[in-house]
Amino acid sequence: MGFWSWGVVTLQNECPGNTLAYSSISFFYSPTVNDCPFFPLQIDYTGTEPSSPCNKCLNVSWDSSPPCTCTINFTLEHSFESNVFMYYGLSNFYQNHRRYVKSRDDSQLNGDNASLLNPSKECEPYRTNEDKPIAPCGAIANSMFNDTLELYRIDNDTRTPITLIKKGIAWWTDKNVKFRNPTGDGNLTALFQGTTKPVNWPKPVYMLDSEPDNNGFINEDFIVWMRTAALPTFRKLYRLIERKNNLQPTLQAGKYSLDIAYNYPVHSFDGRKRMILSTISWMGGKNPFLGIAYITVGSICFFLGVVLLIIHHKYGNRNTSADIPN
Amino acid sequence: MEQGLLPWPPLQRALCAGEEKRVGTRTVVVGHRPVSETDAYVAQKFCDNRIVSSKYTLWNFLPKNLFEQFRRIANFYFLIIFLVQVIVDTPTSPVTSGLPLFFVITVTAIKQGYEDWLRHRADNEVNKSNVFIVENAKQVQKESEKIKVGDIVEVKADETFPCDLIFLASSSVDGTCYVTTASLDGESNFKTHYAVRDTTVLCTDEAIDALTATIECEQPQPDLYKSLGPENLLLKGATLKNTKKIYGVAVYTGMETKMALNYQGKSQKRSAVEKSINAFLIVYLCILLSKATVCTTLKYVWQSNPFNDEPWYNEKTKKERETFKVLRMFTDFLSFMVLFNFIIPVSMYVTVEMQKFLGSFFISWDKEMYDEEIKEGALVNTSDLNEELGQVEYVFTDKTGTLTENSMEFIECCIDGHKYKDCISEVDGFSQTDGPLKYYGKSREELFLRALCLCHTVQIKEADQVDGLIGHPEHRYTYISSSPDEIALVKGAEKYGFTFLGLENNFMKIRNQKNEMETYQLLHVLNFDPVRRRMSVIVRTTTGKLLLFCKGADSSIFPRVQQEEIQQTKVHVDRNAMDGYRTLCVAFKELTQKEYDKIDRQLNEAKMALQDREEKMAKVFEDTEADMHLIGATAVEDRLQEQSAETIEALHAAGMKVWVLTGDKMETAKSTCYACRLFQTSTELLELTAKTVGESERKEDRLHELLMEYHKKSWTLSQEYGLIIDGSTLSLILNPSQDSSSSNYKNIFLQICLKCTAVLCCRMAPLQKAQIVRMVKNTKGSPITLSIGDGANDVSMILEAHVGIGIKGKEGRQASRNSDYAVPKFKHLRKLLLAHGHLYYVRIAHLVQYFFYKNLCFILPQFLYQFFCGFSQQPLYDAAYLTMYNICFTSLPILAYSLLEQHINIDTLTADPQLYMKVSDNAMLQWKPFLYWTFLGAFEGLVFFFGVYFLFQNSSLEDNGKVFGNWTFGTIVFTVLVFTVTLKLALDTRFWTWMNHFVIWGSLAFYVFFSFFWGGVIWPFLKQQRMYFVFAHMLTSVSTWLAIILLIFISLFPEILLIVLKNIKEKSHQGHGASTAGVGSPGWLPAGWHGCRICPGQRWLLPCQPCPGPAAWYWQDQCPPGLTLSQETMG
């Protein structure tokens, strides 16, 4: 839990309904699923409770193979009509720690060949491994989120996989300008010759994805992870679920299951992991803060306006006679 | 030939580098030719003739200027922070504090460098000018700086003297030359100087080259005003006039000339605002230290949990692990200091300096303070004290030339107790003769008029020589004198038929009533000085009689004449003084040859004295001017300056206490005080003068009784009190004879003074004026004092007061040279204080508060962020923003505001003196407003941070679900911050010019433009591309837009609310305006009273006068009886 996360009101198991004071910002564990129309659905799959299906994976380590897998079933009571965005959320994870934030080499990530083989000192202690430069170097890359989340719709005991799109989750400028694979001839494997994978990674950077335009440094999952979060409780975009046609909602109400390849240990630092499904409006993600704040400020202004109008009406008239200009 | 020419008291001064302390006198060998072979000619080392007023050279500019700048505590602090950043691994790069520091240092260095370049240029102009030196009977042309002590220099007409010279010979046969010292002291009259008698004949190159002599003179000393040198010393900077050429020998060169010595030594005055700034700085330093301490402590508390200290995803480096814990804690503390150091506003000092420097132009540009007569406006000698003008509590003003015009007019005279006025036929008449002719001349009257014609130092300036031949003889010349009284007297004598025709070869020429010429040989002039308060001349008539004429203040003449003669004249003198005229008494005595020889010898001895010259001279004067016969007295009118009464009234109404310090007689001063409404008819006067205290031996006891009596009297608030004290009584109080219990009386006296609204100190010596100022200055609460005067006798008090103001008057330029500000007229004081001073104070106070405020709400979010990033010193903002915030994004709007703001219209400020009281006592820089600003800054900092914090509970704010990171978080906070602090300033701005619009909206536009630019390029020199497209992405999110607008609004909400409430209050006040004095409309004034002004602080309506302000009208709740101006009439 965040050191400073006291006092954040969370209403659990309740749909906001008519109350405004709803907060979806739940970084406390919610044992049951929030499922309200227009509000995101969150599933905590850390597995700290013995009853949780993921409890068995709680003390997973980086190099466990095969990965520990677990499945969480949930029911969607209202369907998501438009495009759905799938996030993973982490709590008590200090991506904004100074030592962590600076532990990267942007010129290496920009495809600079010199930096590839001689990463910046800022990457210490994740700069070299066994005298070979790490690509990508640094603590951020080293701790990249590597759980695999898969979504299935359960319809009469048949599991239909939901298509999760993994491209289009990173900023366009990041994907196309800021992050570049090393230049040169040959395939990616050849380009990353002479470097070694980050310590915690199961496989090197050029094997992140099968598609060449999503592999290496320009892998979107990697790029998303490299944009360090502002607060210790954060979410990052994981996959997109696009609406296929106009007849059906993107995700119908009904039963679903979430299959997790549990690789990412968070228990050691008292962290939590969530999966979040959300739709998004033209304003961006659901954000109760703006609504509450605008309505509060608006009411205060209205109230004060009325009070001042009364004062003005009561006292303001008397000076008109004295104000005649010469 | 050996001569002691320069009898000045010894002054030890070591100015030339490499020279040991020089004592006593210096020996100058004329033409570098030793007097005799036997004399071991040891060449004394003197300065060369280079004038160096510049501080720096090209080579030492950088180190010297940097050293000077880092002596400033704030600069030094930032240097330390910068060094910490370089040495220790800190969260922000050294650039973030290095660049602002570099900016500040550079701007200051450029300003100082420019000023120094100007000085260099001026120096070069003087140093490189060509002069002619006589060497081996030939003229050699040289650069001025090559002149050595002992060189014989030739100076032609209209040239300035290149160094201090001893006047050896001139082209005119009588060995005189005319000199004007306008560039030294502003006196434009020609002064006659005389060549050394023995060398007068040597007026060719060959002759002068044959001279072998040494000169014994005293060491250089700076006193320019004591006496402008003996008559054969020609000062560097003065100009030769009406003389073809002169020869002189250089005695003081370069930095040892009087002119150079006078450039130094004016002490720096510091303003009270600076003290407030320092106090606030300490508060903020404490805040900074406590923030750093809190963060460091919490960091280690937080890290006590191992998974917080080093989670698997964020391991420490080897080096970090190996460092000792104490050292780590210390570097952590330093890192936090560095992170929060921006709370101390780095650019405040440079902005304050620029504000003062640029702001001072508004005073000199003010057209209303331009005087048509002298074709000059106000002059600003120091810009450091602008805001002090808005804080003045005590005004000390000179009378003559300040409150009055100092253009004298001869009104009447009294001879032997008979009064003569205007023309002969009137009162008592000249035709009437009194008794037998006892003395030289035909009658007492003629003696009196001859005395007026002879006893002065007036010179004649031929106005226009071509015209003069044709025109009337009366208009051929004008009189010039340093004292306007003397001109008035000479002109007065002329009116009665005795015309002074000038001085030639020591012979004074007079044309008498019968158009006959009379000549008198001028033997000695016993010059005027303010201590003696009289002057004398000794002349020899054509018949060989020796006469001494003396004129001076009655108090200094009466004790020196036959006592039985006084009575009649005294009546006249007193009556004239009551009428506000300046009176002078004239006395004479006849000297026998024996007496004269003795005086002559004594005088010459005293003049030649190298030591204690002043004392010796004074002693001889004292002895000479005794046992005289009183002839009569004169009355000269000094008219009040225009609007001086209104100005004094306005100063009173503004809560200032006005003290008049004058050397004049009590009666004269008192009537002037009534005339300029310092005293009202209703004012109760307390007198502590020779009259009330008495002359007896018990006067000290009597004085103490009086003091106690005044002290214990019942002071009522409605009654105004005035105090009159004279110089002798004052010195009794300040310098008591026995030291017992007298300091107590000094305190009582001070308390009485402070209770009075007006104080008149008459018969003051210049030093006593300064003493009074110092006394008031050092009272409890150290009130801000202002001195205003026009003459040399006011210089001491001008220098003593917090703010010294000189009047560019008729008595030379000493006062305005030594002042901080100089204005042409006393009436300009009103606008200078009430409008300019008030505005400058409000501006600078706002500037200071705003600077602290904007840096507090800048840094507070960064502090709060530490609670969410594990106290890891992660900066919230990008380094570019940290660096640019103070120097680019928020600097110009406040500078423009602090230059141009007029929260109240300048005319209203001038018209309504009571507004001045609103800012008195440093009201805007007290702890209360400071706390208000601090809370405002803290509130806004909290809003910025937590607003964005709550917004970021869901960080996917774009409409395509993409997520923002920590740099977007910081950028949103920063955007809200920049907009809020700039708009806050826009809310505060009451006076919009195009410049305000330009800098406020320009700064915001620049911020947006810069952010796009900074995020739009992959910068090769940056290690991390943190900001790449962060700003652009931020702006694509509608939520962010809404949040930014909301947060700006919430932050400014208290401010907006305050403005609305203030408006309502003002409006309702206007409705009930009659209860207090305020601005209203003249609609309620009775018919016929339109165009009349009722002044606040006054209890009556002024007779119809044009109002100075635009449509500002004032009234007071208490109406004078008989005038029914009640609220009903207003309706």
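Nothing in this text is a laboratory measurement; each read-out follows from the coordinates by a stated rule. This structure is a prediction, so every number in the text was calculated from the model and none was measured. When we count neighbours, we look across all protein chains shown, and the Cβ atoms used for this are built from the backbone with ideal geometry, even at glycine.
Please compute the length gained on full extension between A:Glu150 and A:Lys167, using 0.36 nm multiplied by the number of residues separating them and subtracting their Cα-Cα distance.
Between A:Glu150 and A:Lys167, full extension yields an extra 4.6 nm.
Please list, ordered by chain and number, the residues whose modelled amide H lies under 5 Å from the amide H of A:Thr69; skip anything fewer than 5 residues away on the same chain.
Residues meeting the criterion, in which the H sits 1.01 Å from N, are A:Tyr262.
Pairs B:Lys275/B:Lys780; B:Lys367/B:Lys918; A:Lys102/A:Lys175: which exceed 23 Å Cα-Cα?
Check vs 23 Å cut-off fails for B:Lys367/B:Lys918.
Over the Cα atoms of the stretch B:953-1079, how large are the radius of gyration and the largest Cα-Cα distance (Dmax), in Å?
20.4, 70
Sort B:53-64, B:196-207 by packing, meaning the average of other beta carbons within 10 Å per residue, with the highest value first.
Ranking the peptides B:53-64, B:196-207 by packing returns B:196-207, B:53-64.
Past 25 Å, Cα to Cα: identify those pairs from B:Lys55/B:Lys245; B:Lys670/B:Lys699; B:Lys570/B:Lys755; B:Lys495/B:Lys551; B:Lys545/B:Lys598, in the order given.
The answer is B:Lys55/B:Lys245; B:Lys570/B:Lys755.
Ignore the peptide's own chain and count Cβ atoms of other chains within 10 Å of each Cβ in B:826-838; give me the average, rounded.
0
Only residues of the stretch B:605-648 count here: report those whose backbone N is under 19 Å from the spot 7 Å along Cα→Cβ of B:Lys598, or say none.
B:605-607, B:616-629
Go ahead and run the numbers for FRET between B:Ile282 and B:Thr692, Cβ-Cβ distance against an R0 of 35 Å, rounding to 0.05.
For R0 = 35 Å, the calculated efficiency reads 0.10.
Just to confirm my numbers, what's the Cα centroid distance between the stretch B:673-688 and the stretch A:120-163 in Å?
92
Quick one: if the Förster radius is 41 Å, what FRET efficiency do B:Thr519 and B:Asp921 give, using the C-beta to C-beta distance and rounding to 0.05?
Given R0 = 41 Å and the Cβ-Cβ separation, E is 0.05.
How compact and how long is the stretch B:921-967, expressed as Rg and Dmax of its alpha-carbon atoms in Å?
In Å, with Rg to one decimal and Dmax whole: 18.0, 59.
Report the net charge of residues surrounding B:Arg328, where surrounding means a beta-carbon distance below 15 angstrom and charges are Lys +1, Arg +1, Asp -1, Glu -1.
Every neighbour counted, the sum reads +2.
Inside 10 Å of the C-beta atoms of B:316-322, what's the mean count of C-beta atoms belonging to other chains?
Mean partner shielding for this stretch: 3.
About its Cα centre, how strong a charge dipole does the stretch A:163-283 have in debye, to the nearest 20, once Lys and Arg get +1 and Asp and Glu get -1 at the Cβ?
My answer is approximately 420 debye.
With N denoting the number of residues in the stretch B:742-824, provide Rg(C-alpha) divided by 2.2 N^0.38 Å, to two decimal places.
After normalising by residue count via 2.2 N^0.38 Å, the value is 1.15.
Just to confirm my numbers, what's the Cα centroid distance between the stretch B:604-635 and the stretch A:239-316 in Å?
With the stretch B:604-635 and the stretch A:239-316 each reduced to a Cα centre, they are spaced 99 Å.
Once you treat every alpha carbon in the stretch B:800-879 as an equal point and sum by Debye, what is log10 I(q)/I(0) at q = 0.11, 0.19 Å⁻¹?
Evaluating at q = 0.11, 0.19 Å⁻¹ gives log10 I(q)/I(0) of -0.55, -0.88.
Any chance you could run the full-extension gain for B:Ala1032 through B:Lys1065? It's 0.36 nm times the residue separation minus the Cα-Cα distance, nm to one decimal.
Here the segment from B:Ala1032 to B:Lys1065 would lengthen by 7.4 nm.
Could you tell me what % of all Cα pairs in the stretch B:64-134 have separations over 16 Å?
61
Can you give the mean number of other chain Cβ atoms that lie within 10 Å of the Cβ atoms in peptide A:105-116?
Mean number of neighbouring Cβ atoms from other chains: 2.
Which order do B:Val620, B:Val283 fall in if you start with the one that has the fewest other Cβ atoms within 10 Å?
Fewest-to-most Cβ neighbours within 10 Å comes out as B:Val283, B:Val620.
Can you list residues from other chains, or at least 5 along the same chain, whose modelled amide H is less than 5 Å from the amide H of B:Asp664?
Hits under the 5 Å cutoff: B:Arg763, B:Met764.
For B:Phe330 paired with A:Lys203, estimate the spin-label separation in nm (one decimal), with each label point 7 Å from Cα along the Cα-to-Cβ line.
Here the answer is 5.1 nm between the modelled labels.
So for the pair B:Lys241, B:Leu750, with labels modelled 7 Å out along Cα→Cβ, what separation do we get in nm?
So the label points at B:Lys241 and B:Leu750 sit 4.7 nm apart.
What is the calculated FRET efficiency for B:Lys146 to B:Arg702, with r their C-beta to C-beta distance and R₀ = 51 Å, to the nearest 0.05?
With a Förster radius of 51 Å, E is 0.15.
Arrange the peptides B:771-781, A:212-222 so that the one whose residues have, on average, the most other Cβ atoms within 10 Å appears first.
Going from most to least packed, we get A:212-222, B:771-781.
Kindly state, as a whole number, the per residue volume in cubic angstrom of the convex hull around the alpha carbon atoms of the stretch A:39-182.
Per-residue hull volume (Cα only) is 177 Å³.
Tell me the label-point distance for the pair B:Lys619, B:Lys275, using the 7 Å Cα-to-Cβ offset, in nm and rounded to one decimal.
Once both label points are built, they end up 4.5 nm from each other.
Under Stokes-Einstein, with the Kirkwood radius over Cα pairs standing in for Rh, what whole-number D in µm²/s applies to the stretch B:815-960 at 4 °C and 1.567 mPa s?
Translational diffusion coefficient: 69 µm²/s.
Which value, in debye to the nearest 20, describes the size of the charge dipole of the stretch B:29-167 about its Cα centre when Lys and Arg Cβ atoms bear +1, Asp and Glu Cβ atoms bear -1, and nothing else is charged?
Its charge dipole is roughly 360 debye.
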